[in-house]
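Worksheet: one structure, shown below.
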Amino acid sequence: MVHAVDGVTLDIHEGETLGLVGETGSGKSVTAKSLLRLVPTPPGVYAGGEVSFRPRNSGEAVDLLRIPDQQLRGIRGNRIAMIFQDPAKALNPALSVKQQLAEVFAEHRSSELFRDAKIVAGPPGTRPLLRRAAHRHSTFFERRLLDLPPFRAMEKRLERELDERIASALSATRIPNPAKVMNSYPHELSGGMKQRVMIAQALACDPDLLIADEPTTALDVTIQARILDLIQDLQEQHHAAVLYISHDLSLVKRISDRVSVMYAGKLVETATTQQLFDDPLHPYTRALLAAVPTAEQARGELAAIEGTVPELVDPEPSCRFHSRCPHAGPICAAREPQLLTRKQQHRAACFLYDDPQDLGCPVDLMPQSQVSETQ
Amino acid sequence: MQVREYIARRLLTLPILMLGVSILVFGLSRVGGSPIGIYIEHEMTPAEVAKIEERYGLDESLPQQYIAWLGGVVRGDLGWSGVSAAPVSSIILPKLMATMELAMLAALIAVVLGVSMGTFGGARKNKLGDHLTRVVAISGASIPIFWFGLLLLIVFYLGFGWAPLGRADPSIYARIGHPTGLYTVDSLLNLDFGAFTDALWHLALPAITMGYGSTAIIARMMRSSLVEELGEDYVDAARAKGLPERLVIRRHARRNALMPTMTVIGLSWGFLLQGTVVVELIFNWPGLGRWMTDAVLQGDQATIMSYVLITSIIFLAVNLVVDVAYAYLDRRVVLGD
């Protein structure tokens, strides 16, 4: 059994952006998906833990891993929305932009649509019929019925109400000519436009939490910056919390309030953005920051972390970075470090900051903070 | 607009394809032996044979013969059927309709059952439901059609005596008019539901026999492409929107999984037409297939050519419909040309 994500603890507050950094395969995406229970089971297993979510307007916190499917569906796309890495894959190629955005409104805002369309009384059964139409759950025969005179005008009003909402959701992402984009198919749009459509879809219901899983990785560099600005602006408008997942440290530095670093399915460090970039504690974070090329660096010299990410099949209790860590001592291979608060708002999982006496471990087995330069 | 343009373009290619088919049919008939074989006897002198050849225009060059034949086909003259001792055009229509009725019902069974079985199995990958549909599908693809037909015949005709043979009860058949030649449609047009039940009852066994193999192929295709589509990001995105699983499958995954399945559906029409020959023999169905068997055994070329030409054109038409359906399912197809 692969332990793709193991004991990750994240907390995100209203209006805050938490950056989640890690290299490919470190479990960032699985973490994000499991927040919404999107990891398919089987083959996936939610072995334990909880995802506690408290919506802004109701005080009740719920555990997303344990609530019934129906309740979870009411939260997905409504209170928690997700933006995917590659917009070309995350939009259904067979459906128009309008059809795909309409689903969000139909699923979570159908009663508002129904109310705003001002459906007046008609023949008996009109209201349930149109409620179902607003919910996009009409059967084949109901759709035929909706084409007939008394209902047709009402359905048109419903449709117009929906169109307005879709257009305003699209224009919020600064898409030029939303009416035209609405009726396009994904293949007719550029990558940046597709990601804007995804963002419009995610923010359609004004969610409390936005999970952005590498939203700019598949885009051109010039468009990356614009999408990033867009997410930031919209976040300020909506006061949403954002979980921003990326392997790009410079992006995360720019957008996040706090940053968590993942390595091989484990969280190794969490701190405010400033602390993390100015004073990283975990050796992995330090190595990662050292690997970011700077303008001052001579050509051809790139710092790299020696070795590879360990296998995650039935891992032994140990620090997963120990085989690549310049500080590692014997204890690192034998026991698992805890993610503890080392400074104010700064947590790291490393034995370097533990007291050997607390661990009951001889000093010579502890990791060494001074490393002799051996290169 | 774009889709309409695409359909118009596809329609324009149809005559060209049909012309190609006609050349092929004509060419193959000349490879297959003398077209007057059925009229020649051993006692005839070469002069007598030459006289017959002259009578049918066989002394002229091949292109001239082709044009003469094509001209006849266009005017509705398909030649003289030796096995039926009548002009092909006068007897082909009721037989064609009999076969079409059977093939269309078989196709309907195959598409509806195949797509739903494939969706059912694909959505429950490696669970009990998936294994059950797989057993049904694999047996359907591997059981020979003649054996399956005989089996149904033995059980339901000889054993229980539930199913009738042939196409219709003669007394019921006589009491209604036949504007289309499709008995189920005719009986409905006559508002005679007794006749409709009778027609359907006669159709059931042969249609099931014919449709089973295609059901299996369509179900397998549908299952595997649905499983593939369910792994795509847009399915996760649809779930993340809060859609119920039923709609995730129906609106998102199934729609895209239908694309490759459509191709198989179009191609399986060829299997269906091929199956008519055996099925019509087994169930005593008065269609093209049995007529064709007789014609092949006796070397009746006008009949064979008409049969091949008509079934090829039907095949082309079905695949045109598939192409159009493609364009509606996925707009990217329209861009391809």
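Here are some notes:
- Qualifying residue in region A:259-275 (condition: surrounded by fewer than 21 Cβ atoms within 10 Å (Cβ to Cβ), part of a helix (DSSP H, G or I), away from chain B (no Cβ under 14 Å) and of a type outside the set (S, T, Y)): yes
- Looking at B:V21, B:V49, just one residue is within 18 Å of B:D300 (Cα to Cα) and part of a helix (DSSP H, G or I), and that residue is B:V49.
- Any chance B:G231 is buried (at least 22 other Cβ atoms within 10 Å of the Cβ) and within 14 Å of chain A (Cβ to nearest Cβ): no
- Test: residue in region B:196-210 that is among the aromatic types (F, W, Y) and away from chain A (no Cβ under 14 Å): yes
- Within region A:178-224, the set of residues being over 22 Å from A:L243 (Cα atoms), without any contact (Cβ under 8 Å) to a residue 60 or more places away in the chain and away from chain B (no Cβ under 11 Å) comprises A:P178, A:A179, A:K180, A:S190, A:T222.
- Among the residues of region B:239-252, those identified as more than 7 Å from chain A (Cβ to nearest Cβ) and either buried (at least 22 other Cβ atoms within 10 Å of the Cβ) or among the hydrophobic types (A, V, I, L, M, F, W, C) (or both) are B:L247, B:V248, B:I249.
- Criterion violated by A:S26 - all others in (1) under 22 Å from B:L230 (Cβ atoms); (2) in contact with a Gly (Cβ under 8 Å, 6 or more places away or on another chain) satisfied: (1)
- A:V97 vs. criteria more than 20 Å from A:V30 (Cα to Cα), at pLDDT 85 or above and in contact with a strand residue (DSSP E or B) (Cβ under 9 Å, 6 or more places away or on another chain): no
- Residue in region A:10-18 that is at the interface with another protein chain (Cβ under 8 Å from one of its Cβ atoms) and crowded, with 20+ Cβ neighbours inside 10 Å present: no
- In the condition set (1) surrounded by fewer than 23 Cβ atoms within 10 Å (Cβ to Cβ); (2) in contact with a helix residue (DSSP H, G or I) (Cβ under 9 Å, 6 or more places away or on another chain), B:L297 is compliant with all but (2).
- Residue pairs whose Cβ atoms lie under 8 Å apart, separated by 6 or more positions or on different chains, with the first residue in region B:125-148 and under 11 Å from B:S214 (Cα atoms) and the second part of a loop (DSSP other than H, G, I, E, B), do not occur.
Every residue, every condition in (1) surrounded by 12 or more Cβ atoms within 10 Å (Cβ to Cβ); (2) acidic (D, E); (3) within 9 Å of another protein chain (Cβ to nearest Cβ), yes or no:
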{"residue": "A:V30", "(1), (2), (3)": "yes, no, no"}
{"residue": "A:N57", "(1), (2), (3)": "no, no, no"}
{"residue": "A:L65", "(1), (2), (3)": "yes, no, no"}
{"residue": "A:Q70", "(1), (2), (3)": "no, no, yes"}
{"residue": "A:K89", "(1), (2), (3)": "yes, no, yes"}
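- Only listed residue being within 14 Å of chain B (Cβ to nearest Cβ) and crowded, with 17+ Cβ neighbours inside 10 Å, chosen from A:L230, A:L251, A:L243: A:L243
- A:P42 meets the stated requirement of being over 30 Å from A:L170 (Cβ atoms) and facing chain B (nearest Cβ under 9 Å).
The values are calculated or read from the model by the stated rules, or taken from the named source; none is laboratory data. Being a predicted model, the structure only gives us computed values, none of them experimental. Because the Cβ atoms are built from the backbone with ideal geometry, glycine has one as well, and the counts that use them run over all protein chains shown.
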